[in-house]
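Only one structure is covered here, and it is reproduced in the block below.
The values are calculated or read from the model by the stated rules, or taken from the named source; none is laboratory data. The structure displayed is predicted, hence computed values, not measured ones. When we count neighbours, we look across all protein chains shown, and the Cβ atoms used for this are built from the backbone with ideal geometry, even at glycine.
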Amino acid sequence: MLSFWEKQHLLQYDYIIAGSGIVGLSAAISLKELQPHARVLVLEKEILPTGASTKNAGFACIGSLTELLADLKLMPATEVVALLQLRRNGLQLLRQRIGDANMDYRERGSYELISDAEEPALKRMEEVNSLLQPVLGGPAFKQINNRFGFNPQYVKTLVQNNYEGELNTGKMMRCLIDIAISKGVEIKTGCPINNIEDTGVGVHVTVKDITFHCRGLAICTNAFTRELLPDVPLQPGRGQVLMTSVIPNLPFRGIFHMEEGYYYFRELQGRVLFGGGRNLDFATEATTEFDLNQQIQQQLENRLHNIILPAHSFTITERWTGIMAFGDTRKPLIRKYSPNIALGVRMGGMGVAIGSIVGEQLANLLLQ
Ligand SMILES: Cc1cc2nc3c(=O)[nH]c(=O)nc-3n(C[C@H](O)[C@H](O)[C@H](O)COP(=O)(O)OP(=O)(O)OC[C@H]3O[C@@H](n4cnc5c(N)ncnc54)[C@H](O)[C@@H]3O)c2cc1C
């Protein structure tokens, strides 16, 4: 039972954001930058942000050569270039907002492992470089000979990407929360939104049996969006991750891609973070459940032992999963759902790169 005071003063906001991942926090920050006096509330279902933003690999990436070639099969070249521009703009805004030192942003090398299966991609490297040149200002990819001790039976060569970096995901999210709070954004956690209604002049947003009111609502629930809005076209996709113990004399640093981006690994504080393998079992991984898939985890371990670290011994100290959202195309969904509700969802495997700029676009959509 709510009091008169609560109804009058604690339930009214200018803007409400559903979800406190990178997109939700970025949208909230952008709203406060555009309208400093607006009351902005972020409602987060769990105690921590619990989707992909605190679970990812921290690649500040624009895409590997084979990933971009796969994109070119799915989308026209103009859309691939537009997505690249979005990634560049998103990373620029993220770095400007947080500051490189505050999230350990570094450019220590980015590489793709090329096996026999990927060798045909090398022939198209110059074509892709020319396509991306207007956005990047220089050639993205070049073939190099260093193989960092990877198994030569599998890794025939490497392609270096000159435009990618890495960051500490935990520090990035900590900073985004701190920036949002410092600008006066309210964040309420443990608040699963269970109903929303656009009344034409505003939106009712219900959490359990409490209904908040706002002028505009941004949906930043990514993979979980269909629990609220079943007609939004997206599919969840779970990502499996593991991490090794500290490996003495680890022969590489930086970030690494394999097989069209379906596998990725990086050095982190002397350990290796390795993730991916969704392509081994798309059907099982199209879920919003956070369980480990033992079969994929085992495949990741096998690849670490056989391809990436054949000459090193290590143990697996951490395992976790995160949930992404995908669509028929790689383009994120940034649009009005109804007059006062805007969607910023379907970030695929690139939300670190595009999340900030998607948040800014959402804020502008709500203010229109
Ligand atoms: C293992 C893994 C590795 C990845 N690696 C990279 C990478 O290296 N580089 C990169 O660019 N991207 C990477 N990604 C993708 C990136 O993490 C995502 O694209 C991005 O985090 C999506 O952000 P988001 O804010 O849209 O969604 P999320 O981070 O999923 O946030 C959505 C939030 O909404 C909340 N929510 C859901 N339903 C409700 C509700 N009803 N009410 C209130 N709140 C709700 C959830 O609890 C969650 O906190 C990776 C993802 C995974 C899983």
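Overview of results
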quantity: Residues located in segment 33-61, provided they are more than 8 Å from the ligand (Cβ to nearest atom) and not polar (S, T, N, Q); calculated: GLU33, LEU34, PRO36, HIS37, ALA38, ARG39, VAL40, LEU41, VAL42, ILE47
quantity: Count of segment 246-262 residues which are part of a loop (DSSP other than H, G, I, E, B) and under 16 Å from the mean Cα position of the chain (by Cα); calculated: 1
quantity: Single residue of ASN129, ASN168 found to be within 26 Å of the chain's Cα centre (by Cα), within 26 Å of PHE252 (Cα to Cα) and free of Cβ contacts under 8 Å to residues at least 24 places away in the same chain; calculated: ASN129
quantity: Which listed residue is polar (S, T, N, Q) and at pLDDT below 95, from GLN35, GLN8, GLN85; calculated: GLN8
quantity: Selection count, segment 93-119, where residues are crowded, with 20+ Cβ neighbours inside 10 Å and more than 18 Å from the chain's Cα centre (by Cα); calculated: 6
quantity: Meets criteria (under 22 Å from GLU289 (Cβ atoms) and over 17 Å from the mean Cα position of the chain (by Cα)) for ARG319; calculated: yes
quantity: Filtered residues of segment 30-66 (kept if over 23 Å from LYS183 (Cβ atoms) and aliphatic (A, V, I, L, M)); calculated: ALA52, ALA57, ALA60, ILE62, LEU65
quantity: Selected residue (criterion: surrounded by the most Cβ atoms within 10 Å (Cβ to Cβ)) from residues of segment 120-158 that are of a type in the set (Phe, Trp, Tyr) and out of contact with any Leu (no Cβ under 6 Å at 6 or more places or on another chain); calculated: PHE150
quantity: Test: residue in segment 278-291 that is over 30 Å from ASP104 (Cα atoms), assigned by TED's automatic domain parsing to the domain that holds ILE22 and within 22 Å of the chain's Cα centre (by Cα); calculated: no
quantity: Residue list for segment 14-32, filter: within 8 Å of the ligand (Cβ to nearest atom) and within 14 Å of VAL205 (Cβ to Cβ); calculated: ALA18, GLY19, GLY24
quantity: Filter pass, ALA27 being under 28 Å from VAL128 (Cβ atoms), modelled with pLDDT of 95 or more and under 19 Å from the mean Cα position of the chain (by Cα); calculated: no
quantity: Sole residue being free of Cβ contacts under 8 Å to residues at least 60 places away in the same chain and within 16 Å of the ligand (Cβ to nearest atom), chosen from ARG95, ARG106; calculated: ARG95
quantity: Cβ-Cβ under 8 Å pairs, at least 6 apart or on other chains, segment 213-242 side more than 10 Å from the ligand (Cβ to nearest atom) and aliphatic (A, V, I, L, M), far side part of a loop (DSSP other than H, G, I, E, B) and at pLDDT 95 or above; calculated: LEU217/ASN340; LEU234/GLY327; LEU234/ARG346
quantity: Elements of type helices (runs of 4 or more DSSP H) in segment 67-164, at least 1 residues being closer than 30 Å to ILE29 by Cα; calculated: 77-98, 125-136
quantity: Those strands (runs of 3 or more DSSP E) lying entirely in segment 275-368 with at least 1 residues more than 10 Å from the ligand (Cβ to nearest atom), free of Cβ contacts under 8 Å to residues at least 60 places away in the same chain and of a type in the set (A, V, I, L, M); calculated: 333-338
quantity: Number of the exception - VAL205 against (1) under 30 Å from LEU84 (Cα atoms); (2) crowded, with 21+ Cβ neighbours inside 10 Å; calculated: (1)
quantity: Residue among LEU300, LEU304, LEU292, LEU366 that is buried (at least 16 other Cβ atoms within 10 Å of the Cβ) and within 21 Å of ALA52 (Cβ to Cβ); calculated: LEU300
